[in-house]
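Worksheet for the structure shown next.
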Amino acid sequence: MNDTFLKVLRGEQTSYTPIWIMRQAGRYLPEYRQVREGVDFLTLCKTPELAAKVTFQPVDILGVDAAILFSDILIPVEAMGMKLAFSEKHGPSLAEPIRSRSLVERLSVPDPEDDLPFVLETVKILKAGLKVPLIGFAGAPFTLATYMIEGGGSRNFLNTKKMMYQNHGLFGGLMTKITDTVTAYLRAQIRAGADAVQLFDTWAGVLSPDDYRAYALPYVKQIIKELKGEGAPIIYFVNGCAGLLKEIKASGAVAIGVDWRIDIGEAAKKLGKRFVVQGNLDPCALMMSPADFRPKVREILEKAKPAKGHIFNLGHGILPEIPVDNAKALVDIVHELSGKGGRVS
Ligand code: CP3
């Protein structure tokens, strides 16, 4: 078992810096596209053998140090009672966006064993076959709320912020249901075998620090507090985290995932010695040749050294246009540069 990733999360010294890549199972891999030719995305997520198969792919092909469960942050939202669809062109959509009390009341808090058994089954298949740790995940409450209130992606999150500002009680009620859902869902993933979990807060960066502190952070804190006893380390990724690091420190997570818009050295400094940092190469840098992105990787490895630990990752998900050879080269370069001159034990 390669447990370098878990060692870093535990604050232990390792002989090189581990790497995994957000969205590492996906359309940039021909092997993934081949599986997708025969099955739509939601069916893929709900068929444990297939979901496990595409989870293994980047581990075998790229040599990353952790696997991430193949699923989507919106799968538990569907189990809460919303109608979910994915289109090739427009991404996810949720019918009947949540904009009234009656719709919030109609949402359920799913029981993972009964309502999402395919996810737990996938985790079990993976645990039996993986030689690297398995990361489970969920969307953070604010990010899930944006999809539920907007009915899909959004440019300015007007409906979300309208509810947030005009109807605190309703927004709070929705956030509480999401928080209870995510807590039970992550607990079930950990009990089924996930070694660590990541909370994705993809849209929290659209909030001012004050609003983040009032409307997003308390729910994240609650989830992390409730999962403490489960023994799996929690990584909290906030896209657009630069203006929120002071607040994020209060989340309770052991590791903070940072996007590329902030210098990782600055992020590590602002977070302080208690945190492992994860990140943060611009995903588009992988459109350059490996020789050209190599110095950027070196910079990130150097700058992250003052942190308690560093897990290399992109600053957001890998894009479908990235050449697989470049993703492979990234993994090799991180291993090579960190193993020779890095945090050697
Ligand atoms: O990281 C992994 O490899 C695990 C699988 C994973 C997916 N989605 C698979 C996926 C994870 C961790 C996610 C998280 C997710 N999903 C987030 C948070 C992370 C982030 O990227 O910000 C969000 C916001 C979503 C919602 C979502 N799912 C969108 C907006 C889209 C469409 C746009 C896109 O990137 O493709 C999806 C679809 C999706 N989720 C795909 C995959 C592999 C593509 C589906 C396909 O095969 O056509």
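Every number here is computed from the coordinates shown, using simple stated rules; none is lab data. Given the structure is predicted, the values throughout are model-derived calculations rather than measurements. Methodologically, a virtual Cβ is constructed for each residue, glycine included, from the backbone with ideal geometry; neighbour enumeration extends over all protein chains shown.
Numerical summary
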item: 14 Å Cα-Cα reach of Lys124 towards aspartates and glutamates, excluding residues that sit fewer than 8 places from it in its own chain; result: Glu49, Glu113, Asp195
item: Whole-Å distance, taken between Cα centres, linking segment 1-65 and segment 88-137; result: 18
item: Among beta bridges that DSSP assigns inside the chain, antiparallel share in %, nearest 5; result: 15
item: Karplus (6.51, -1.76, 1.60) ³J(HN,Hα), θ = phi - 60°, over segment 167-183, in Hz, Gly and Pro reported as x; result: 9, 3, x, 5, 4, x, x, 5, 4, 5, 5, 5, 4, 5, 5, 5, 4
item: Estimated 222 nm signal from helices in the chain, with DSSP H stretches of n ≥ 4 weighted -39500 (n - 2.57), rounded to 500; result: -14500 deg cm²/dmol
item: Binned Cα-Cα distance frequencies in segment 161-258 - 5 Å width, integer %; result: 2, 13, 24, 24, 19, 12, 5, 1, 0
item: Among 26-36, 256-266, the order from most to least packed when residues are scored by Cβ within 10 Å on average; result: 256-266, 26-36
item: Added length on full extension, which subtracts the Cα-Cα distance from 0.36 nm per residue, Ser208 to Lys162; result: 15.1 nm
item: Shape of segment 67-182, Cα gyration tensor, a/c cut at 1.5; result: prolate
item: Debye, to nearest 20: dipole size of segment 4-338, +1 on Lys, Arg Cβ, -1 on Asp, Glu Cβ; result: 920
item: Whole-Å distance, taken between Cα centres, linking segment 258-314 and segment 158-181; result: 33
item: For the chain, with +1 on Lys and Arg beta carbons and -1 on Asp and Glu, the positive-most of Val35, Leu50, Ala268 along the dipole; result: Ala268
item: Greater than 21 Å apart at Cα, pairs in Lys46/Lys328; Lys221/Lys249; Lys131/Lys328; Lys161/Lys228; Lys131/Lys305; result: Lys46/Lys328; Lys161/Lys228; Lys131/Lys305
item: Extension gain, Lys89 back to Asn2 (0.36 nm per residue minus Cα-Cα distance, nm); result: 27.5 nm
item: Potential extension, Lys127-Arg261 segment - 0.36 nm per residue separation minus Cα distance; result: 44.8 nm
item: Amide H within-cut-off set for Trp260, under 5 Å, with H built and near neighbours excluded; result: Gly315
item: Interchain or long-range residues, amide H under 5 Å from Gly152's placed H; result: Leu94
item: Burial ranking of peptide ranges 307-313, 152-158 (average Cβ count within 10 Å, highest at the top); result: 307-313, 152-158
